[in-house]
Amino acid sequence: MEKTLKKYFLVFTLPTLIAFAFAFIIPFIQGVYLSFCEFTTVNNAHFVGLNNYITAFTGGQGFLHAMGFTALFTIVSVLSINILAFGIALLLTRKIKGTNLFRTVFFMPNLIGGIVLGYTWQQMINAILYKYETTIVANAKFGFWGLVILMNWQMIGYMMIIYIAGLQNVPTDLIEAAKIDGATSWQTLIKVKLPMVMSSVTICMFLTLTNSFKLFDQNKALTNGAPMNKTQMLALNIYDTFYGKTGYEGVGQAKAVIFFLLVAVISLCQLSFTRSKEVQQ
C-alpha cells in the first residue's frame, strides 16, 4: 500500500507541485520582491525599499481615484447582478409554462460577446450624451453605467443558473410547513428560501465580487479610462503605470501587490460572512 501511494505521489502529485511552483509561487515571490525595487528588466533591479508604495499613493498616478471608482463599481455591480439574478431565478422556478424558453433568453447574453454589444450600447449612449451634455462629469457617469450594464449583461445568466439550482433544492416540506403556519410569500422567502440557498449566495457573491473588482478587458476596450482617467479602474491603472511610463515599473508592481491584497482580503471576508449564514440541510 505504501509503495502504491509513493508511486502515485511521484507520478501525479510531485509533477503538479513542481508545475505550480514554477507557474505561480516563484513568479509571485519574485513579483513581491520587485515591488520593492526600481527596475526596467528583472536582471537589473535594485532595492529601493518602500519608495514604490509611497509613490503609488502620492505620485499623482490616479491610484486612489481608481480605487474609489473600482469600489463603487463593484458595490453597484454585485448588488444589481445578484438581486436581478435571484429575482429572475425565483420567477423561473415557479411552475409556469415557458420557463425553459425564459431561461434560454436570459442566458443568451453569455453566448454573445459582451464587449461587442457593450461597445454598441456605449456608442449609442455616448451619442445621446454628447448631444445633450458634454461635461466631463456626465461622460464619466455614462462610462460608469455603461460598464455596470455590461457587467450585468455578462454575469446575470450564469448567476441565475446557480440560484435556480439552489432554489430547486429547497425542501418542499419546509415551504408547505411555512404556509400552514400562516407565513406570507415574503416571510417564506426571507425566513425559509433565502437561508436555504445561502450556499448559492456565497458562490454568486464571490464570483461577482472578484470579477467586478478585477475587471480589466472591458474597462480598456470600452472606456480606456476616458474621460481624463475618470473611469479608470484599478487593473487598468496598474497596466498603464507599468507599461505606460518608463521608470515606473516598480510602482506598477507595488500597485499590483496592493491590488492582490485587496482582492484577497475582500474575498475572504465575503466568504466568511456568507458562509456563516449558511444552513446545513
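The values are calculated or read from the model by the stated rules, or taken from the named source; none is laboratory data. It should be emphasised that the depicted structure is a prediction, and the values quoted were computed from it without experimental measurement. Note: ideal-geometry Cβ built from the backbone for every residue, glycine included; neighbour counts use all protein chains shown. Quick note on the areas: whole protein, heavy atoms, side chains included, nothing else; ligands and nucleic acids left out. Shrake-Rupley method; radii C 1.70, N 1.55, O 1.52, S 1.80 Å.
Taken over the stretch 85-94, the criterion of being open to solvent by 40 Å² or more (accessible area, probe 1.4 Å) and without any contact (Cβ under 8 Å) to a residue 24 or more places away in the chain is satisfied by Leu91, Arg94. Scanning the stretch 208-231 for residues that are open to solvent by less than 10 Å² (accessible area, probe 1.4 Å), over 15 Å from Met155 (Cα atoms) and within 17 Å of the chain's Cα centre (by Cα) yields a total of 2. For the stretch 17-62, filtering for residues that are surrounded by 11 or more Cβ atoms within 10 Å (Cβ to Cβ), hydroxyl-bearing (Ser, Thr, Tyr) and in a helix (DSSP H, G or I) leaves 3.
Residue check: is Thr104 closer than 30 Å to Ala226 by Cβ, open to solvent by 60 Å² or more (accessible area, probe 1.4 Å), at pLDDT 60 or above and over 21 Å from the mean Cα position of the chain (by Cα)? Judged against the criteria, Thr104 is not a match.
Highlighted here are the helices (runs of 4 or more DSSP H) found entirely within the stretch 215-281 that include at least 2 residues which are free of Cβ contacts under 8 Å to residues at least 24 places away in the same chain and over 18 Å from Thr58 (Cβ atoms): 234-244, 249-276. For the stretch 54-68, a residue qualifies if it is at negative phi and without any contact (Cβ under 8 Å) to a residue 40 or more places away in the chain, and the qualifying residues are Ile54, Phe57, Thr58, Leu64, Gly68.
Can you tell me which residues in the stretch 149-169 are among the β-branched types (Val, Ile, Thr) and open to solvent by 10 Å² or more (accessible area, probe 1.4 Å)? Ile149, Ile156, Ile161, Ile162, listed by residue number. Can you tell me which condition Asn82 does not meet? The list is (1) closer than 20 Å to Pro227 by Cα; (2) assigned to a helix (DSSP H, G or I); (3) in contact (Cβ under 8 Å) with a residue 40 or more places away in the chain, and all the others hold. Asn82 satisfies all of (1) closer than 20 Å to Pro227 by Cα; (2) assigned to a helix (DSSP H, G or I); (3) in contact (Cβ under 8 Å) with a residue 40 or more places away in the chain except (1).
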